[in-house]
Amino acid sequence: MKLNISRSAQKDLDRIENEVVLRISTKIYQLPQNPYPAGSQKLGGNKGYRIRISKYRVIYTIDKAGKLITITKVGHRKEVYR
């Protein structure tokens with residue numbers, strides 16, 4: 001599978017501390033090998049999936065036909081679902 005990080009998700013990452021971004025990036029770049037890692041959860045409706053990294057969440061969608069994972073949002077758990 002290919003990995004795509006949306007512009008808004010990239011901006012979200014730019015706002016987060018470097019130490020945390022390193023941990024988040026490690027998880028993100030493992031998604032093409034395992035799109036459903038332990039602890040991932042399907043979100044309600046058609047919003048995709050989420051993975052937890054400490055107090056942060058990564059929201060992503062999976063296009064099985066196009067074999068593409070798109071990171072749509074990254075943020076603190078209190079703000080990412082708004």
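The values are calculated or read from the model by the stated rules, or taken from the named source; none is laboratory data. In this text, all values refer to a predicted model and were calculated from it rather than measured experimentally. All Cβ positions, even for glycine, are placed from backbone atoms using ideal geometry, and neighbour counts span all protein chains on display.
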Cross-chain or 6+ apart pairs with Cβ under 8 Å, region 67-82 first and more than 19 Å from VAL20 (Cβ to Cβ), then assigned to a strand (DSSP E or B) and acidic (Asp, Glu):
ILE69/ASP63; THR70/ASP63
Where residues in region 38-66 are among the charged types (D, E, K, R) and more than 24 Å from GLU17 (Cβ to Cβ), which of them is surrounded by the most Cβ atoms within 10 Å (Cβ to Cβ)?
LYS47
If I filter region 8-17 for residues that are surrounded by 12 or more Cβ atoms within 10 Å (Cβ to Cβ), at pLDDT below 95 and under 23 Å from GLY66 (Cβ atoms), do I get at least one hit?
no
Only residues that are outside any helix (DSSP H, G or I) and closer than 12 Å to LYS55 by Cα: list them for region 10-25, please.
ILE16
Quick one: count up the residues across region 31-48 that are part of a strand (DSSP E or B) and closer than 21 Å to LYS2 by Cβ.
1
Being in contact with a Ser or Thr (Cβ under 6 Å, 6 or more places away or on another chain) and in contact (Cβ under 8 Å) with a residue 12 or more places away in the chain narrows GLY48, GLY39 down to just GLY48
From the list ILE51, ILE28, ILE69, ILE59, pick out the single residue that is touching a strand residue (DSSP E or B) at 6+ places or on another chain (Cβ under 9 Å) and not in a strand (DSSP E or B).
ILE28
